[in-house]
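Structure record follows, encoded as structure tokens.
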Amino acid sequence: VAIVVTDGRPQDGVQDVSARARAAGIEIFAIGVGRVDMHTLRQIASEPLDDHVDYVESYSVIEKLTHKFQEAFCVVSDLCATGDHDCEQICISTPGAYKCACKEGFTLNSDGKTCSACSGGSGSALDLVFLIDGSKSVRPENFELVKKFINQIVDSLEVSDKQAQVGLVQYSSSVRQEFPLGQFKNKKDIKAAVKKMAYMEKGTMTGQALKYLIDSSFSIINGARPGVPKVGIVFTDGRSQDYITDAAKKAKDLGFRMFAVGVGNAVEDELREIASEPVAEHYFYTADFRTISKIGKKLQMKICIEEDPCECKSIVKFQAKVEDLIDSLQQ
């Protein structure tokens, strides 16, 4: 086994010699740091590439890969002892393997790792719009991780006309609606559209994006439903190049539940300004794009909106149902 760590572009050829090494039975792992050339890592590494190519933003966070290699090189009977394997709630060891499980009251999602508290009843109806930073500083390889982050959250929802609707907006120096609320009626179509999203690669006009969310994304003409909770998830990796205060305040004043997710050079004061109260539960920050899946896990739990059974609307609905049943019995 060989582990190659590099933070730049090679000054000589790697493809042929790497192929010879692999042909000789050497298993090669390639780790890229910082501004590495990802194409080079793929030329070096053994197949399957998903298991043999890794990337970290800086050397200061490279230690997070140690669990992966401990598992790869050691025969461990209790695999859950080495980490949670991205299981959101419970990791259960089995002979030579592991499986994920959920606490009582939760169900395991189709990804086999995350759990959902949303039962799919009327209480899980919501209109959810992502505002995604497509600025040049994000970089193409990280933009792909952002797409996975979006789809990780989509996986936890019950998507339908009566339950969750999802919209997607990308912003950089301008704002572009990728798809409005309600255009796609199931998770599969939403995730396919997210994967096809093209990277804008310009500036960071977060204020302009928030204004678009208020004026357009949550409008009835763009698929929003009256009386359904509105949730906005704003993702950014840097300081906004325009003014955000007024738009951020207006979004919250209108009753939108706003989550702010920042990575890398994102400004935490701006994230807090965007986030709903209590702020600590609505804003998230990480230095490394590779760890945003952990934020995704936390968001999955927080965006499930359950209806209060004591609300007047529920009582009226119950009363009407009972009256209908009494009428049918009398007949």
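Of everything listed in (1) touching a residue at least 24 places away in the same chain (Cβ under 8 Å); (2) surrounded by 11 or more Cβ atoms within 10 Å (Cβ to Cβ); (3) within 23 Å of Thr291 (Cα to Cα), the single unmet condition for Asp51 is (1). Within the range 144-187, being assigned to a helix (DSSP H, G or I) and more than 24 Å from Ile220 (Cα to Cα) holds for Glu144, Leu145, Val146, Lys147, Lys148, Phe149, Asn151, Gln152.
The set of residues in the range 233-245 that are surrounded by fewer than 18 Cβ atoms within 10 Å (Cβ to Cβ) and of a type outside the set (Ser, Thr, Tyr) comprises Arg239, Gln241, Asp242.
Checking each residue of the range 214-232 against the condition of being part of a helix (DSSP H, G or I), in contact with a helix residue (DSSP H, G or I) (Cβ under 6 Å, 6 or more places away or on another chain), hydrophobic (A, V, I, L, M, F, W, C) and open to solvent by less than 20 Å² (accessible area, probe 1.4 Å) gives no match. Within the range 65-90, restricting attention to residues that are in a helix (DSSP H, G or I) and loosely packed, with under 14 Cβ neighbours inside 10 Å, the residue that is modelled with the lowest pLDDT is Ala72. Considering only residues of the range 159-175 that are modelled with pLDDT of 90 or more and of a type in the set (Val, Ile, Thr), which is nearest to Lys230 (Cα to Cα)? Only one residue fits best here, namely Val166. Of all residue pairs spaced 6 or more apart or on separate chains, those with beta-carbon atoms under 9 Å, a first member in the range 213-227 that is in the same structural domain as Ser160 (by the TED database) and a second member that is surrounded by fewer than 17 Cβ atoms within 10 Å (Cβ to Cβ) and hydrophobic (A, V, I, L, M, F, W, C) are Ile214/Leu254; Phe218/Leu254; Pro226/Ile220.
Does Lys113 qualify as being surrounded by 20 or more Cβ atoms within 10 Å (Cβ to Cβ), outside any strand (DSSP E or B) and either touching a Ser or Thr at 6+ places or on another chain (Cβ under 6 Å) or at pLDDT below 90 (or both)? Steps first, please.
Details: surrounded by 20 or more Cβ atoms within 10 Å (Cβ to Cβ): yes; outside any strand (DSSP E or B): yes; either touching a Ser or Thr at 6+ places or on another chain (Cβ under 6 Å) or at pLDDT below 90 (or both): yes.
Yes.
One line per residue, one yes/no per condition, for (1) in contact with a strand residue (DSSP E or B) (Cβ under 9 Å, 6 or more places away or on another chain); (2) open to solvent by 40 Å² or more (accessible area, probe 1.4 Å); (3) not assigned by the TED database to the domain that holds Val228:
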position: Ala247; (1), (2), (3): no, no, no
position: Leu254; (1), (2), (3): yes, yes, no
position: Phe259; (1), (2), (3): yes, no, no
position: Gly262; (1), (2), (3): yes, no, no
position: Ala275; (1), (2), (3): yes, no, no
position: Ala280; (1), (2), (3): no, yes, no
position: Asp288; (1), (2), (3): yes, no, no
position: Ile292; (1), (2), (3): yes, no, no
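On the stretch given as the range 174-212, residues that are without any contact (Cβ under 8 Å) to a residue 40 or more places away in the chain and among the polar types (S, T, N, Q) total 3. Screening the range 183-205 for residues that are surrounded by fewer than 16 Cβ atoms within 10 Å (Cβ to Cβ) and more than 18 Å from Val146 (Cβ to Cβ) and picking the one that is modelled with the highest pLDDT gives Asp189. Being among the small types (Gly, Ala, Ser), modelled with pLDDT under 90 and open to solvent by 10 Å² or more (accessible area, probe 1.4 Å) is not true of Ser156.
The values are calculated or read from the model by the stated rules, or taken from the named source; none is laboratory data. Nothing here was measured: the structure is a model prediction, and the numbers come from that model. Backbone-built Cβ (ideal geometry, glycine too); neighbour counts: all protein chains shown. Accessible surface is based on the protein model in full, side chains and every heavy atom, while ligands, DNA and RNA are left aside. Shrake-Rupley method; radii C 1.70, N 1.55, O 1.52, S 1.80 Å.
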